[in-house]
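Q: One structure is given below, represented as structure tokens, and several questions about it will come after.
The values are calculated or read from the model by the stated rules, or taken from the named source; none is laboratory data. Owing to the predicted nature of the structure, the values given are computational and were not obtained by experimental measurement. A quick note on method: Cβ atoms are made from the backbone with ideal geometry, for glycine too, and the neighbour counts reach across all protein chains shown. Keep in mind that these areas ignore ligands, DNA and RNA; they rest on the heavy atoms of the full protein, side chains included. Shrake-Rupley method; radii C 1.70, N 1.55, O 1.52, S 1.80 Å.
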Amino acid sequence: SGFLYSLSVADQFIRTGSMKRILVVGSEVHSTGLDLSTRGRDVTVIFGDGAGAAVLEQTEGESRILDTELHADGRYAEMLMAEAPASRVNPRLSVEMLEAGRQFPKMDGKAVFKQAVEKLPEVIHSVLRRNGVALADIALLVPHQANLRINEMVARQLNFPFEKVYNNIQRYGNTTAASIPIALHEAVGEGRLKKGDYVLLAGFGSGFTWGASLVRW
């Protein structure tokens, strides 16, 4: 959801008139920070490296970010986290921590799945309802590429056609903050979006944090 948080901040700068053009970048290098042993396989097989960017600028036309809704709940922080090094532990890093692999990301996959398939439909319905837009009016849903099963379940919960959900995780893995701009770039290149279309962006990530943006292309 980091890309959605950044997109929201950039949108506010433009709305207030303090900035005319902003570059929003989502970039991740996971490959050098994963546990490649058998111990880390549940997490390591999921993540990939990637980068994507979007240019936001003031416009007189109808193309714009219509609305963004963001949420965070720190109660679930330990379900998806890298524990050390961090200021929460003393010392921040030790030989014992490294030997135990506490510097590598850990994830409770079942907990992440359960929360994602609950929270994402909720925030999507909320942002649509607030803007008077129906799901049937959405040309494309571009979710964060965390897990294909999550995206399938979210579409099922929404009763939204899965062919209108853009997925590329099968090619790159989960590139986290880079996944939405990469997917948007590919969707445009494939002719999946045209001017005036309603596009939904949605993401769920560590923290737990989640959100959705409604965009008029």
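Q: Choose one answer from GLN12, GLN115, GLN103: the residue with the largest mean-square fluctuation in a GNM of the chain with alpha-carbon springs under 10 Å.
A: Result: GLN12 has the largest fluctuation of those listed.
Q: Out of every Cα pair in the range 22-124, what percent are spaced more than 19 Å from each other?
A: Summing the P(r) of the range 22-124 above 19 Å gives 63 percent of all pairs.
Q: Can you sort LYS110, LYS119 by 1.4 Å-probe accessible area, starting with the largest?
A: Values: LYS110 175, LYS119 40 Å².
Most to least solvent-accessible, the answer reads LYS110, LYS119.
Q: Only Cα pairs within less than 10 Å get springs; with that Gaussian network setup on the chain, which residue of GLY189, GLY101, GLY52 has the largest fluctuation?
A: Comparing GLY189, GLY101, GLY52 in the GNM, the peak value goes to GLY189.
Q: I would also like to ask the following. List, largest first, the extents of the alpha carbons of the range 41-199 along their principal axes, each in whole Å.
A: So the extents along the principal axes, rounded to whole Å, are 57, 30, 29.
Q: At a 10 angstrom cut-off on C-beta neighbours, averaged per residue, how do the peptides 33-45, 86-98 rank from highest to lowest?
A: Result, highest mean Cβ count within 10 Å first: 33-45, 86-98.
Q: First obtain the Kirkwood hydrodynamic radius of the range 1-54 from its Cα pairs, then insert it into the Stokes-Einstein equation at 4 °C and 1.567 mPa s, and state the resulting D in µm² per second as a whole number.
A: 97
Q: May I pose another question? Counting C-alpha atoms alone, how compact is the range 134-217: give Rg to one decimal and Dmax as a whole number, in angstrom.
A: So, for the range 134-217, Rg and Dmax equal 12.0, 34 Å respectively.
Q: Restricting to lysines 8 or more places apart or on different chains, can you count the pairs in the chain with Cα atoms under 17 Å from each other?
A: 4
Q: Which percent, nearest 5, of DSSP beta bridges in the chain are antiparallel?
A: The antiparallel fraction comes to roughly 80 percent.
Q: On to the next question. Just LEU148, LEU23, LEU80 to compare: in a GNM of the chain, with alpha carbon springs under 10 Å, which one fluctuates most?
A: It is LEU23.
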